[in-house]
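Enquirer: Questions regarding the structure given below will be posed in turn.
The values are calculated or read from the model by the stated rules, or taken from the named source; none is laboratory data. All of these numbers come straight from a predicted model, not from anything done at the bench. All Cβ positions, even for glycine, are placed from backbone atoms using ideal geometry, and neighbour counts span all protein chains on display.
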Amino acid sequence: MNLYFLLEGRRTEPKVYPAWINHQFPNLTRVNRIEDVSSDCFLLYAAKGYPRILQLIEQSFSDIYNHNKNSAMMIDHFFICLDADDDGYEKRLETVNEKIKKIEDTNCNISTYQPDYHIIIQNCCIETWFLGNTKMLRRNPQSKRLSIFKKFYDVSAKDPEKMDCYDSGDYSFSNKAKFHEAYLKEMFLERNQRYSKLKPGIAANKEYLESLYERCFQTNHLKSLKYLLTIWKNLE
């Protein structure tokens, strides 16, 4: 089995996804180029932002088509991973689906060697997923900032994907993604951990992923992450 990932992010996702893939599929080997794909490989490309990822979807489909047409070691699954941001899950999903439809309509031969593709919308961002680790948020936070955030929305009890943007008093954020990231950083600091987009820390660990699995499959929360994890479980 060979997997291909096109990631929107340029900092966090290229660090977390390969770590999680190694936890989930320890038999897979990472390669840097599609030409190096043999058996049981995965490769990742960072689009370095939105809407640039939309432009690279067509190139990725073309690369996979040419590879699968000329190689016995085919790419079996293509994952397109991006944030919902303030656009929302449905709008981003519709945008990507429309892009793929145009590609298929313009290049009718692509479907011949097309892998199964999966559109993964991080709702609203990858930090939203990380907030789902119920072990990270203390019952009574010592940090004033974290206490305010928890009072506004308790991510250990409520679905992080439904948390809006905090905009009150001394703490004001321009969008949901900024707030979700700030909330996560405070949770980490309370546990004597550090989080940044360049250094996601324990969020990439196996135990952290296992905690997110528990949250997804024991509650009705984090549906966008559960969609990805369900696909991965079915591929094992």
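Enquirer: Whether any residue in the stretch 122-133 is of a type in the set (Ser, Thr, Tyr) and modelled with pLDDT of 95 or more is what I want to check.
Expert: For the stretch 122-133, residues of a type in the set (Ser, Thr, Tyr) and modelled with pLDDT of 95 or more: present.
Enquirer: Please find, among 93, 146, the residue that is over 23 Å from the mean Cα position of the chain (by Cα), part of a helix (DSSP H, G or I), at pLDDT 95 or above and not charged (D, E, K, R). Lay out the reasoning, then the answer.
Expert: Details: 93 fails: over 23 Å from the mean Cα position of the chain (by Cα).
So the residue among 93, 146 that is over 23 Å from the mean Cα position of the chain (by Cα), part of a helix (DSSP H, G or I), at pLDDT 95 or above and not charged (D, E, K, R) is 146.
Enquirer: Does the stretch 70-77 include one or more residues that are under 13 Å from the mean Cα position of the chain (by Cα) and of a type in the set (A, V, I, L, M, F, W, C)? Walk me through it before giving the result.
Expert: From the stretch 70-77, those under 13 Å from the mean Cα position of the chain (by Cα) are none; that's our starting set.
No, the conditions are met nowhere in the stretch 70-77.
Enquirer: Residue 163 is checked against (1) more than 18 Å from residue 83 (Cβ to Cβ); (2) touching a His at 6+ places or on another chain (Cβ under 8 Å); (3) of a type in the set (A, V, I, L, M); (4) in the same structural domain as residue 136 (by TED's automatic domain parsing) and fails just one. What number does that condition carry?
Expert: (1)
Enquirer: If you check 150, 158, which single one turns out to be loosely packed, with under 15 Cβ neighbours inside 10 Å and of a type in the set (Lys, Arg)?
Expert: Values: 150 fails: loosely packed, with under 15 Cβ neighbours inside 10 Å.
Just a single option satisfies the conditions, and that option is 158.
Enquirer: Look through 89, 113 and report the one residue that is aromatic (Phe, Trp, Tyr), in the same structural domain as residue 59 (by TED's automatic domain parsing) and closer than 29 Å to residue 34 by Cα.
Expert: Selected residue: 113, the only one of 89, 113 that is aromatic (Phe, Trp, Tyr), in the same structural domain as residue 59 (by TED's automatic domain parsing) and closer than 29 Å to residue 34 by Cα.
Enquirer: Looking only at helices (runs of 4 or more DSSP H) that lie completely in the stretch 172-236, which have at least 3 residues being touching a Gly at 6+ places or on another chain (Cβ under 8 Å) and buried (at least 16 other Cβ atoms within 10 Å of the Cβ)? Break it down stepwise before answering.
Expert: Values: elements: 176-190, 206-218, 223-235.
Answer list for the stretch 172-236: 206-218.
Enquirer: Residue 132 fails exactly one of the following numbered conditions: (1) surrounded by fewer than 20 Cβ atoms within 10 Å (Cβ to Cβ); (2) assigned to a loop (DSSP other than H, G, I, E, B). What is the number of that condition?
Expert: Here residue 132 clears every test but (1).
Enquirer: Here is a list of conditions, (1) hydrophobic (A, V, I, L, M, F, W, C); (2) in a strand (DSSP E or B); (3) at pLDDT below 95, and residue 61 meets all of them except one; can you say which number that is?
Expert: With (1) hydrophobic (A, V, I, L, M, F, W, C); (2) in a strand (DSSP E or B); (3) at pLDDT below 95 applied to residue 61, the lone miss is (2).
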